[in-house]
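The values are calculated or read from the model by the stated rules, or taken from the named source; none is laboratory data. This is a predicted model, so every value here is computed, not measured. Don't worry about glycine lacking a Cβ; one is built from the backbone with ideal geometry, like all the others, and counts go over all protein chains shown.
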Amino acid sequence: MIKKLLIANRGEIALRIHRACQEMGIATVAVHSTADSEAMHVRLADESVCIGPPNAAQSYLNIPAILAACEITDADAVHPGYGFLSENAGFAEILEAHDIIFVGPKAQHIRDMGDKIAAKQLMRAAGVPVVPGSDGAVTNDDAPAIAEKIGYPVLCKAAAGGGGRGMKVAETAETLLETLATARAEARAAFGDDAMYLEKYLGTPRHIEVQVMADAHGGVVHLGERDCSLQRRHQKVLEESPSPILPMEQREQIGAIVTKAISTFGYLGAGTIEFLYQDGQFYFIEMNTRLQVEHPVTEMVTNIDLVREQLRVASGLPLSFAQSDIAFSGHAIECRINAEDPRSFAPSPGRITQFHPPGGLGVRVDSAVYAGYTIPPYYDSMIGKLIVHGRDRQECIMRLRRSLREFVVDGIKTTISLHQDLIEQPDFQSGSYDIHWLEKYLAGQ
Ligand code: ADP
């Protein structure tokens with residue numbers, strides 16, 4: 001079993017991982033930039049190492065510094081959290097070469113799924129339904145004919161894409177090459193890789209993703225779905241499980257398809273298979289080979305600690321449960337709380353003067369901030385997640401409403417009031433929203 005884990009991340013996810021370690025008797029090492037020396041993950045960890053200046057490229061993404069921190073502290077494993085180095089195949093390989101466990105899948109899986117063209121081909125070959133599109137990368141010469149075949153509108157997407165960058169819709173044949181060039185330039189700037197592919201642009205889909213886990217002993221399970229259709233600029237804002245619109249039989253069907261697919265790949269650890277869902281059909285878009293921000297909604301409805309299971313698998317142990325042991329119960333919703341102006345979405349770093357998180361039955365707050373903490377301007381603006389569970393969706397929404405009312409964060413602007421507005425909308429309450437709903441709602445305000 002892992003004895004000492006270095007957490008190569010910051011914020012709420014560093015704390016989340018630390019908590020699982022504490023409950024398993026695993027010692028923790030926090031790493032931090034000079035901007036984060038007062039951060040909660042540093043205070044709570046058993047040991048901490050400063051790995052560089054505020055700029056993430058020189059600290060949280062600084063592989064030699066993280067490796068040195070492992071050597072100094074004698075850590076035998078690294079959990080990358082999400083973001084930063086979590087989907088860096090080279091990092092996983094370097095750790096392996098130094099006999100340090102990477103808590104995640106094999107480097108090859110990260111590499112395969114990180115190339116969205118390769119990922120789509122692998123998934124299709126494994127029997128997973130994919131969005132109709134080009135069979136691989138396109139050039140200016142073959143793109144027009146391929147787009148014509150797919151039918152407009154088409155989406156130009158970067159093979160190396162992430163965070164919605166390098167992705168643009170071409171409405172008509174006249175604008176295709178220009179749109180492709182813009183998306184290509186964005187991809188080159190963001191990822192240093194400008195390979196592009198084309199996909200049918202779906203008009204009114206929902207974003208539904210399936211959580212999977214696999215061990216090295218043949219254990220492969222799915223933990224149901226999360227509906228993450230409420231998005232702004234392709235970024236998730238609120239997530240729920242189960243999806244308010246997915247029939248139970250379809251959950252079982254898609255779960256069986258994805259577990260079969262990942263067992264053919266010999267996948268290891270936690271992963272998320274993301275789909276668009278429209279007119280009763282699933283279309284694969286990408287697989288994330290890491291823990292997701294929204295994993296707690298799955299934990300709330302299954303009562304399974306996903307980080308604990310990741311640490312078990314990374315230690316070579318089997319998952320502690322089989323598919324038949326999973327009992328889905330009730331409904332869970334997560335609101336991402338960002339330090340942002342709730343109207344303009346401009347970041348709002350600064351000092352938090354008051355912090356009173358809500359509590360009570362079925363309420364979970366994953367956050368690393370506290371009263372007196374100063375949010376540095378260098379990192380992501382998410383300062384916490386409110387996750388609420390109820391016996392059914394109605395009870396969950398009522399509990400969410402009272403939890404949001406209780407939540408006090410003073411000194412900075414947050415998106416708490418946005419969530420308060422959102423959950424009162426009849427379309428949200430009836431569950432009838434697609435991936436464009438939130439942007440339309442915000443535009444109409
Ligand atoms: P990224 O890795 O950049 O986040 P994804 O492929 O996961 O890119 O897509 C992000 C979001 O973009 C999806 O959740 C969805 O809102 C939208 N999207 C992606 N592909 C399509 C498509 N073919 N049609 C319509 N919307 C799409």
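For this structure, a couple of remarks:
- The residues of the stretch 207-244 that are of a type in the set (D, E, K, R) and within 18 Å of Met300 (Cβ to Cβ), listed by number, are Glu209, Glu225, Arg226, Asp227, Lys236, Glu239, Glu240.
- Elements of type strands (runs of 3 or more DSSP E) in the stretch 329-407, at least 2 residues being outside the structural domain of Arg16 (by TED's automatic domain parsing), at negative phi and surrounded by fewer than 21 Cβ atoms within 10 Å (Cβ to Cβ): 354-356, 363-367, 382-390
- In the stretch 131-157, the residue that is surrounded by the fewest Cβ atoms within 10 Å (Cβ to Cβ) out of those that are within 25 Å of Thr264 (Cα to Cα) and near the ligand (Cβ under 10 Å from one of its atoms) is Pro132.
- Residue in the stretch 227-237 that is surrounded by 23 or more Cβ atoms within 10 Å (Cβ to Cβ), hydroxyl-bearing (Ser, Thr, Tyr) and within 29 Å of Ala125 (Cβ to Cβ) present: yes
- Of all residues in the stretch 99-119 being surrounded by fewer than 22 Cβ atoms within 10 Å (Cβ to Cβ) and part of a loop (DSSP other than H, G, I, E, B), the one that is nearest to the ligand (Cβ to nearest atom): Asp115
- The criterion of being assigned to a strand (DSSP E or B), over 19 Å from Ala65 (Cβ atoms) and hydrophobic (A, V, I, L, M, F, W, C) does not hold for Leu122.
- The number of residues in the stretch 176-198 being within 13 Å of the ligand (Cβ to nearest atom) and in a helix (DSSP H, G or I) comes to 5.
- Against the list (1) away from the ligand (no atom under 16 Å from the Cβ); (2) touching a strand residue (DSSP E or B) at 6+ places or on another chain (Cβ under 7 Å); (3) more than 28 Å from Leu386 (Cα to Cα), the condition His217 fails is (2).
- Verdict on Arg184 being in contact with an Asp or Glu (Cβ under 6 Å, 6 or more places away or on another chain) and in contact (Cβ under 8 Å) with a residue 60 or more places away in the chain: no
- Hits in the stretch 158-172 (condition: small (Gly, Ala, Ser), surrounded by fewer than 21 Cβ atoms within 10 Å (Cβ to Cβ) and within 7 Å of the ligand (Cβ to nearest atom)): Gly162, Gly163, Gly164
- The number of residues in the stretch 1-18 that are surrounded by fewer than 18 Cβ atoms within 10 Å (Cβ to Cβ) and either without any contact (Cβ under 8 Å) to a residue 24 or more places away in the chain or among the hydrophobic types (A, V, I, L, M, F, W, C) (or both) comes to 1.
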